[in-house]
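One structure is given here, and the rest of the page talks about it.
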Amino acid sequence: MLGIFLTASFAATIPLANWMISNVGVCVPAGPCLIPVGFGLMAPSGVLVVGASLVLRDAVHSVCGWRWALAAILAGAAMSWVIASPALALASAVAFLLSETADMAVYAPLRERRLWLAVLLSGGIGAAVDSVAFLWLAFGSLDFVAGQIIGKFWMTIAAMIAILSIRSTRSAQI
């Protein structure tokens, strides 16, 4: 049951991020809608959802395996075609496939030894790859890449803290 919930949640992040980019925040003509992410930087508004997706991908990988993670990416990309413009949906799908593959390549070998490090490093790599690929494909510009990476990093840090808290609580109960 947990695996189905995680997979569905992960798949839903893709169309949700695409919807937000067109509808939430300060919208730039012929560009994305933006939100502040700190340090005076702005990023397309889907950034926090994409940051969460990187962590959810790790959870799906851990609970269900990489094939489920890949299936969720494909399902989310298909749902994006209903919500977003074809150009945005395609840019999103390509960016997700590239970033989640990079995320998985870093996460898989580290997760057994140091889960917190696996989440942190894979999230950072995935955020960088996703940010560059998406912004370039969707808007032909890397103007908001720093904001994208920072926004996604906030979600990775939040997830890492949650994971450490859960592990600490479980250890204390034993």
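Taking 7 Å steps out from each Cα toward its Cβ at Ala146 and Leu90 produces label points 3.1 nm apart. Label zone (Ala158, point 7 Å along Cα-to-C-beta; backbone nitrogen cut-off 12 Å) within region 12-50: 47-50. Fewest neighbouring Cβ atoms within 10 Å first, the residues Phe96, Phe5 line up as Phe5, Phe96. In the chain, the sites counted are trypsin sites (Lys or Arg not before Pro) in DSSP loop states with at most 11 other Cβ atoms within 10 Å, and the longest stretch holding none of them, exclusive of the sites, is 1-112. When only Cα pairs below 8 angstrom with a gap of at least 6 residues are kept, the chain shows a relative contact order of 26 percent.
The largest-to-smallest principal axis extents of the Cα set in region 1-129 are 46, 34, 23 Å.
For the chain, adding -39500 (n - 2.57) for each run of n ≥ 4 DSSP H residues and dividing by the number of residues yields -27500 deg cm²/dmol at 222 nm.
Since every read-out is calculated from the coordinates, none of them should be taken as a lab result. Owing to the predicted nature of the structure, the values given are computational and were not obtained by experimental measurement. Cβ: placed from backbone, ideal geometry, glycine included. Neighbour counts: every protein chain shown.
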